[in-house]
Amino acid sequence: MIDTVQKQPKNYIELTNKKKLFVNKAHQLTVTTAFRPDEKLKEQPIHRGAIDVLIETKNKNIIQAALNALTEVYQIEFLIDEQPKTSKKYVWVFTDSNIKDKVKIADELLQNGRLPEYLGELLVNHFELDADQKPLSQQQLQALFKTDHLPNSHSSSKESSVSKILLFLFITMVGVERWLAFQKNA
């Protein structure tokens, strides 16, 4: 179940130029310093500053071009390394092999020019910028709704029998009344 009534504050990234990157109501990635009053952002950014990226792939020029496109459009600063540094914790690691927590780029994305779009979606998903529609946990659901405890089965079967008898008597009385009304008019 998804809570669509209460608007939860949204995650955002604070860029190096102090602008904020977030997903607006129209589900579009947006960069701004001025917010609409109906936009509700969290008090602290989910990430602040440049995004550390490690590129260990033969397609590094294409990936760098895609990252540059994101920088041009959204003003995101990427600090790109080609050799891993032990002192850095990378947000993205691009590699040619399938390793957990690494980004492997499909060849079709490289060839058809959709890599910047894919990386934008990856950025939104990684930082949970469009997390409006998260399902509620069982605990959140229980807090929203009161639970109605059903009586034990013995008393409910007794009530059910009484209800059936009363319904039968009511239908019988209506039938008798209709029969008497037809007899009187006939």
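Summary of values
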read-out	value
Protein accessible area in the range 43-87, 1.4 Å probe - carbon and sulfur %	45
Distance (nanometres) between label positions extended 7 Å along Cα→Cβ at Q8 and T32	2.2
Two-decimal Rg to Rh for the range 1-81 - Kirkwood Rh, Cα set	1.06
Stokes-Einstein translational diffusion, the range 17-61 - Kirkwood Rh over all Cα pairs, 1.567 mPa s, 4 °C, in µm²/s	99
Exposure ranking of I55, I46, I165 by accessible area [1.4 Å probe, largest first]	I165, I46, I55
Accessible surface ranking that places the most exposed of K58, K85 first, with a 1.4 angstrom probe	K58, K85
Accessible area of D107 in the full protein assembly, 1.4 Å probe (Å², nearest 10)	100
Residue-level accessible surface for S163, protein heavy atoms, 1.4 Å, Å²	70
Point-to-point label distance, T16-N185, nm (Cα→Cβ direction, 7 Å offset)	9.2
Across K20/K40; K42/K88; K60/K85; K19/K40; K20/K42, pairs whose alpha-carbon gap is larger than 19 Å	K42/K88
Virtual spin-label span in nm between K60 and R178, 7 Å along Cα→Cβ	8.8
Highest average packing first - 31-42, 109-120, Cβ atoms within 10 Å	109-120, 31-42
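The values are calculated or read from the model by the stated rules, or taken from the named source; none is laboratory data. Since we're looking at a predicted model, the values are computed, not measured. All Cβ positions, glycine included, derive from the backbone under ideal geometry; neighbour counts span all protein chains shown. The accessibility values were calculated without ligands, DNA or RNA, using every heavy atom of the protein model including side chains. Shrake-Rupley method; radii C 1.70, N 1.55, O 1.52, S 1.80 Å.
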